[in-house]
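Single-structure report; data block below.
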Amino acid sequence: MAVGSDGRGLRVVGKPVRKVDGLSKCAGVTLFADDIVLPRMLFCKLHRAPVPHARIVRVDISKAARMPGVMAVLTGKDLPIPFGILPVSQDEHALCLDKVRFVGDPVAAVAAVDEDTAFDAMNAIEVEYEPLDAMMSIEEAIRKPSPRIHEYGDEGNIHKKIALEFGDVERGFHDADQVFEDTFYYEGSTHLPMEQHAAVAAVDPDGKLTVWSSTQTPHYVHRALAKVLNMPPARIRVIACPNGGGFGGKSDPFNHEIVVAKLSLLIGRPVKVTLTREEVFYCHRGRHPVLMQIKTGVTRDGAIKAMHFKSYLDGGGYGSYGVASTYYTGALQTVTYPVENYKFDGLRCFTNKPPCGPKRGHGTPQPRFALEVHLDKIAERLGIDPAALRLGHLVPPQSLTANYLRVGSMGLAKCIDAVVEGSGWKQKFRHLPSGKGIGLACSSYICGAGLPIYWNNMPHTGVQLKLDRGGGVAVFCGEIDIGQGSDTVLAQVVAEVLGIDPYDIRIVFGDTDLTPVDLGSYSSRVTLMMGNAAIQAAERARELLATAVSEKLGIPAERVGFGGGQVFDVEGPERALSFADAVVAAEARFGTIGTVGSYTPPPSAARYKGSGVGPSPAYSYSAAVVELDVDPRTGWVRVDRVHLAHDVGRCINPVLVVGQVEGSVYMGLGEALMEEQVFRANRGGVHRQPSLLEYKSPTTMEMPDVVTYIIEDPDPNGPFGAKEVGQGPLLPIAPAVVNAVYDAVGVRIDEVPVTPEKILKALDSPAKRFGPKGVPEVRWPDPIRVPTPWEGGTGRAAADRRPAEARR
Amino acid sequence: MPQNVKRRRGRGRDSAAASHSSRSKVHLRLRVNGEEQEVACAPHSTLLEVLREDLRLTGTKHGCELGECGTCTVLLDGRPQLSCLLLTLECEGRPIVTVEGLAEGPRPHPLQIAFAELGAAQCGYCTPGILCAARSLLDARPSPTRQEIREALSGNLCRCTGYLKIFEAVELAARRMKDPAAQPSEETLHGRRL
Ligand code: FES
Ligand code: FES
């Protein structure tokens, strides 16, 4: 289709179309998982461990099983097959088999006629534990290799150790004019979706199992159910309900989903489970706490000659997405400013806390925070304005980074210009009265992962179209709307290609029986991948209609245009058929009209071990300026305004884009200033504040104004040029806040959240800093060495893994 | 054992008594969205439970069942109340409005239209509660200031929107209730252009 780079010629894409499910959501009609009620439905409760680390000596279910109204009780041996989201971490059991690894780990499950009875039965289950030493921090897990939390992993309680080197960092440090080093800590935080996880399972008499769930990844739930239940996938149907917020927290297959499925199969009746808010805090999979050290060698004008980044992740009790998270803490440092030589050492520990996994930004907000605060310090030491420092050293578009990430469109310069100009940066930076501050930071994020989670060479997403004689179009795709608006994006893209009204489209989503596989709503992949598949499916339908209409009108097929619900001769638009008549003509000519489209990301340039994480079809870019007040007597921070410019490639729907920016800024501010998912080591490993009241998150009273600038630098790989916006804009918020606090009161808070207490401590300290003192001693493996593109590298590791000096 | 993990849903409860009393139900007459409803429920049932489970009005949601998030907000006597903290017994005969009762027949309330139009409902899970709280605000203050909106909604958590589109949607609905032709600003829909 002919679309100008400015988006001219687009009729639906780029317009503030009301969400296709917007009024249903506002009427309370949208059915979330807990809204589903089936005849004869039973209720399930999980009995969870009260201790952080223990061997299970005995589970006595006899009392519970005898209670009137209890239909079944399950323990670990009923579901002995392990599962997990990553093929390399199949380390979870639906119910613990022989040991528990965090407070809240489920040990047994009951199904009963009502929730009260299920609750009583859950409490009648008796479990005897033999306590084991618990690891409650990164340092402890590194220091104490035993008892091991898991029998697998790189060593002791270290789940994974990674060492990668691109180019030669020692040479880079040697060539640099100055070398800087900093240490940072980013506290864990949780997704806190307003909807608690829920699932309903039902089995029909002919042997088919259906599971409805508030999941972001119905395809992976489908796989996990088939594996653990040992059932043919063809007999299992997973339906993802619209999520009442996900943010990554509903991306793992969960024990409760498997448990209700098993109970339903055993009893032959539908079974529902809905987690309490406290259980949601304990099932977690959120932001990893990460300790980081960054060492950077720069030239006088700020070019990065070498960077060595180390990260230490607190993984919690299971693998979850953790191996990928660990790689992500080292992957995207290179896509904003060129890094000539780059080295990454990363490790993830197992600890006796709820497992960590992907939360909005997955593994990248922590290193981005470190990098952007570090750069602010470097800019000051070099006497360069932080905005100018960044503008002077941007990764060029259409280039390869040191770690072989292929950058396509790159609109960061425009983003920086927008927030600098919009905020009056030049008049304000270092010129505001004491107590007022302004800070800047930038970032980048992937638009979907280049490789699937489990190895296969199939598409990452598929879209199917069915055209009705009445002119309606049903679009089938396994995607799932978690609030980000993916249903609307899908309708807009199809409507654009077929020239129809998006409200004439019906979206059928997230159903493993009805919809082609889409890998799920995670890693900001949906708009780009689903969008491309939708364009392909719609263009194939268009071709059929164009042929039929060209024959009817007696014109060549190339002259057939689509728009405004008409299919017409572009050289004489009065010669036209309505879209419905065009479908009728096509159906008469070809038979039933249905088409498919699919999308597979382009092959990655990176070929070394560990290169599965980082490559993406495109990268989005953001820049933020935060203006705030700090009260030096109380340490209280009040954010006045945030300016956020985001390069979304092509804006498919500005209302959705602005909404994702504002939501990301909100969530970033929560992490920057207050949110903490922390546990009491001296109280048996319980969560410090597992409630919505005490786990502090920003309310209407704290949320500042956000000025959003949509930057469009179309990417050749994006549908109509579109890139992601759901996660990227969160990333620059925490560092911009910290940089603004320094501008306001002259203290460096090298740790989020930036609480008043930390500011006061920093103000009182001689170094005017609050943050970690150092990193634990660790023996890192010899790195996988990969020559950079500018050294003539091919993306593969060098055969010789000895240190550079030894090789020279 | 962390105490709350043991609790049924959110609230602590003497479980033996709960099981016993759930067998002896009370009969109540409720006035929900202008309709008389008769229910037989356990005396300890919350209004939230009766609305969702007995009357199948699942538009009202829950985020905690402990009175912490505002997700379950409904209007009782025209005022926003947390239905998870109300005993249904206390509500007998008093007018109750839920999200299902905001529209007039097939016509959505201006708040519902504005929320849908501006993306003030992303996942839509906090939306029913926020709409009820906003409706009560507009009943009392037809042209609320931004600060009044912030305060009126300060008990409602939303994890998706960052609240700003919600404020703008309440303002737009308020304007439209006086002038049906009122439109959102360019910046609301497109962000700021340089
Ligand atoms: S459900 Fe959270 S306040 Fe009622
Ligand atoms: S729209 Fe999702 S919580 Fe408010």
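The values are calculated or read from the model by the stated rules, or taken from the named source; none is laboratory data. Not measured: the values here are computed from a predicted model. Positions of Cβ are backbone-derived with ideal geometry, glycine not excepted, and every protein chain shown enters the neighbour counts. Protein only, heavy atoms only, side chains kept; ligands, DNA and RNA dropped before computing areas. Shrake-Rupley method; radii C 1.70, N 1.55, O 1.52, S 1.80 Å.
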Item to check | Failed criterion for B:A140 (all others in (1) free of Cβ contacts under 8 Å to residues at least 12 places away in the same chain; (2) of a type outside the set (F, W, Y); (3) within 16 Å of ligand 1 (Cβ to nearest atom) hold) | outcome: (3)
Item to check | Some residue of segment A:51-68 being closer than 22 Å to A:H284 by Cα, facing chain B (nearest Cβ under 10 Å) and open to solvent by 10 Å² or more (accessible area, probe 1.4 Å) | outcome: yes
Checklist entry - So which residues in segment A:757-775 are surrounded by 15 or more Cβ atoms within 10 Å (Cβ to Cβ) and part of a helix (DSSP H, G or I), if there are any at all? => result A:K758, A:I759, A:L760, A:K761, A:A762, A:L763
Checklist entry - Looking at segment B:173-194, which of the residues that are open to solvent by less than 70 Å² (accessible area, probe 1.4 Å) and closer than 19 Å to B:L102 by Cα is nearest to ligand 1 (Cβ to nearest atom)? => result B:A173
Checklist outcome for this item: Residue count, segment B:48-81, condition under 24 Å from B:D139 (Cβ atoms) and of a type in the set (D, E, K, R), comes to 3
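In this structure, is B:E100 within 28 Å of B:D179 (Cα to Cα) and within 13 Å of another protein chain (Cβ to nearest Cβ)?
So B:E100 fits the description; yes.
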Next on the checklist: I'd like to verify a number: residues in segment A:422-458 that are closer than 29 Å to A:T708 by Cβ, free of Cβ contacts under 8 Å to residues at least 24 places away in the same chain and polar (S, T, N, Q), how many?
Outcome noted: 1
Checklist entry - Can you tell me which residue in segment B:143-172 is nearest to the other protein chains (Cβ to nearest Cβ), limited to those that are in a loop (DSSP other than H, G, I, E, B) and open to solvent by 20 Å² or more (accessible area, probe 1.4 Å)? => result B:S154
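Per-residue answers, yes or no, for (1) β-branched (V, I, T); (2) free of Cβ contacts under 8 Å to residues at least 40 places away in the same chain:
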site: A:A722; (1), (2): no, no
site: A:L731; (1), (2): no, no
site: A:V738; (1), (2): yes, no
site: A:A744; (1), (2): no, no
site: A:L763; (1), (2): no, no
site: A:F770; (1), (2): no, yes
site: A:R779; (1), (2): no, yes
site: A:T794; (1), (2): yes, no
site: A:A799; (1), (2): no, yes
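Starting from residues that are within 29 Å of the chain's Cα centre (by Cα) and more than 8 Å from every other protein chain (Cβ to nearest Cβ), keep the ones in segment A:10-23 and report whichever is surrounded by the fewest Cβ atoms within 10 Å (Cβ to Cβ).
The qualifying residue surrounded by the fewest Cβ atoms within 10 Å (Cβ to Cβ) is A:K15.
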Checklist outcome for this item: Out of (1) over 24 Å from A:I81 (Cβ atoms); (2) touching a Phe, Trp or Tyr at 6+ places or on another chain (Cβ under 8 Å), the one A:T274 does not meet is (2)
Checklist entry - Consider A:P205 against the criteria (1) on the phi > 0 side of the Ramachandran plot; (2) open to solvent by 40 Å² or more (accessible area, probe 1.4 Å): it satisfies all of them except one. Which criterion is unmet? => result (1)
Checklist entry - Quick one: in segment A:659-686, which of the residues that are out of contact with any helix residue (DSSP H, G or I) (no Cβ under 9 Å at 6 or more places or on another chain) and more than 10 Å from every other protein chain (Cβ to nearest Cβ) is surrounded by the fewest Cβ atoms within 10 Å (Cβ to Cβ)? => result A:N682
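Residue-by-condition table, conditions (1) within 21 Å of the chain's Cα centre (by Cα); (2) not hydroxyl-bearing (S, T, Y):
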{"residue": "A:L313", "(1), (2)": "yes, yes"}
{"residue": "A:V335", "(1), (2)": "yes, yes"}
{"residue": "A:P338", "(1), (2)": "no, yes"}
{"residue": "A:P355", "(1), (2)": "yes, yes"}
{"residue": "A:R381", "(1), (2)": "no, yes"}
{"residue": "A:L389", "(1), (2)": "no, yes"}
{"residue": "A:H393", "(1), (2)": "no, yes"}
{"residue": "A:Q398", "(1), (2)": "no, yes"}
{"residue": "A:T401", "(1), (2)": "no, no"}
Next on the checklist: I'd like the residue in segment A:37-50 that is at the interface with chain B (Cβ under 9 Å from one of its Cβ atoms) and assigned to a loop (DSSP other than H, G, I, E, B) and, out of all such residues, is surrounded by the fewest Cβ atoms within 10 Å (Cβ to Cβ).
Outcome noted: A:V37
Next on the checklist: Yes or no: segment A:559-579 includes at least one residue that is among the acidic types (D, E), touching a helix residue (DSSP H, G or I) at 6+ places or on another chain (Cβ under 9 Å) and surrounded by 23 or more Cβ atoms within 10 Å (Cβ to Cβ).
Outcome noted: no
Checklist entry - Given the conditions (1) surrounded by fewer than 24 Cβ atoms within 10 Å (Cβ to Cβ); (2) facing chain B (nearest Cβ under 9 Å), and given that A:Q689 satisfies all but one, which numbered condition is not satisfied? => result (2)
Item to check | Those residues of segment B:163-180 which are within 16 Å of ligand 2 (Cβ to nearest atom) and either in contact (Cβ under 8 Å) with a residue 24 or more places away in the chain or in contact with a strand residue (DSSP E or B) (Cβ under 7 Å, 6 or more places away or on another chain) (or both), in sequence order | outcome: B:L164, B:K165, B:I166, B:E168, B:A169, B:V170
Checklist entry - Hey, among B:P128, B:P95, B:P106, which residue is away from ligand 1 (no atom under 15 Å from the Cβ) and in contact with an Asp or Glu (Cβ under 9 Å, 6 or more places away or on another chain)? => result B:P95
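For every residue, the table says whether it meets (1) touching a helix residue (DSSP H, G or I) at 6+ places or on another chain (Cβ under 7 Å); (2) over 26 Å from B:A120 (Cβ atoms); (3) open to solvent by 10 Å² or more (accessible area, probe 1.4 Å).
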{"position": "A:R469", "(1), (2), (3)": "yes, yes, yes"}
{"position": "A:V493", "(1), (2), (3)": "yes, no, no"}
{"position": "A:D504", "(1), (2), (3)": "no, no, yes"}
{"position": "A:G510", "(1), (2), (3)": "yes, no, no"}
{"position": "A:V517", "(1), (2), (3)": "yes, yes, yes"}
{"position": "A:A533", "(1), (2), (3)": "no, yes, no"}
{"position": "A:R540", "(1), (2), (3)": "no, yes, yes"}
Checklist entry - Quick one: is A:P242 free of Cβ contacts under 8 Å to residues at least 24 places away in the same chain and not aromatic (F, W, Y)? => result no
